[in-house]
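Remarks on the structure that follows.
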Amino acid sequence: MSDALPPYYFRIRENGAAVFRVDSENRNRRVEFEEIAVVNLRNGTVKPHGDRTLTEADMAAIRAWMADRAAITARREVDDILRTIDHLNLTAQWAQSKASPEQLEAVTDALLLAMHDLRSVLVRKKAERLAGG
């Protein structure tokens, strides 16, 4: 572990994070986490833990983390979609060259429905973009 620990630790949760103040300057020289807040990224709320009052430094660190996390999540979302495109291509190759009739029977209906749903959404969104701009 590095000598200089960050002042805050963010434990990722589904909607955000639990925020901890990091303390390594105690008499036992142990690293301790003191929970100070819970962040909800979906609605942008920061709730102090218990009766705690957050300092400006706490809020600045939390706001910076929220901005960084939103950027990371957006990048990952696009990357996931690009991987899905790759996977669809690999699936087409598998269906054409390797899949047995039984395997195709097991997945064809579900794939066709999912692809039809996706195509419908993409066509509608494209039409909305073209009509609006």
Item to check | Placed amide H near His49: partners under 5 Å, 5+ positions off or other chain | outcome: Ala37, Val38
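Once you have a ≥ b ≥ c as the square roots of the Cα gyration tensor eigenvalues for the stretch 57-133, tell me rounded if a/c is under 1.5, and otherwise prolate or oblate according to whether a/b is larger than b/c. The partial results should precede the final answer.
Details: a/c = 3.65, a/b = 1.83, b/c = 2.00.
Since a/c reaches 1.5 but b/c is at least a/b, the shape of the stretch 57-133 is classed as oblate.
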Checklist entry - Over all Cα pairs of the chain, how is the pair count split among 5 Å bins, expressed in % and running from 0 up to the last occupied bin? => result 2, 8, 11, 13, 11, 10, 9, 8, 8, 9, 7, 4, 2, 0
Item to check | Percent breakdown of C-alpha pair distances by 5 Å bin, ordered from the shortest bin, for the stretch 45-94 | outcome: 5, 16, 15, 13, 10, 9, 9, 7, 7, 5, 3, 1
Checklist outcome for this item: Output ordering of 16-22, 95-101 (per-residue mean of other Cβ within 10 Å, highest first) is 16-22, 95-101
Checklist entry - How big is the Rg/Rh ratio for the stretch 1-79, C-alpha atoms only, Rh by Kirkwood, two decimals? => result 1.01
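Is there a quick way to get the dipole size of the stretch 20-133? I mean about its Cα centre, with the Cβ of Lys and Arg at +1 and of Asp and Glu at -1; what is the value in debye to the nearest 20? Can you show the working numbers first?
Details: 18 positive and 18 negative charges, 68 e Å.
Value, rounded to 20: 320 debye.
No lab work stands behind these numbers, since they all come straight from the coordinates. Small disclaimer: the values here were computed from a predicted structure and weren't measured. For neighbour counting, all protein chains shown are included, and Cβ atoms are generated from backbone atoms with ideal geometry for every residue, glycine included.
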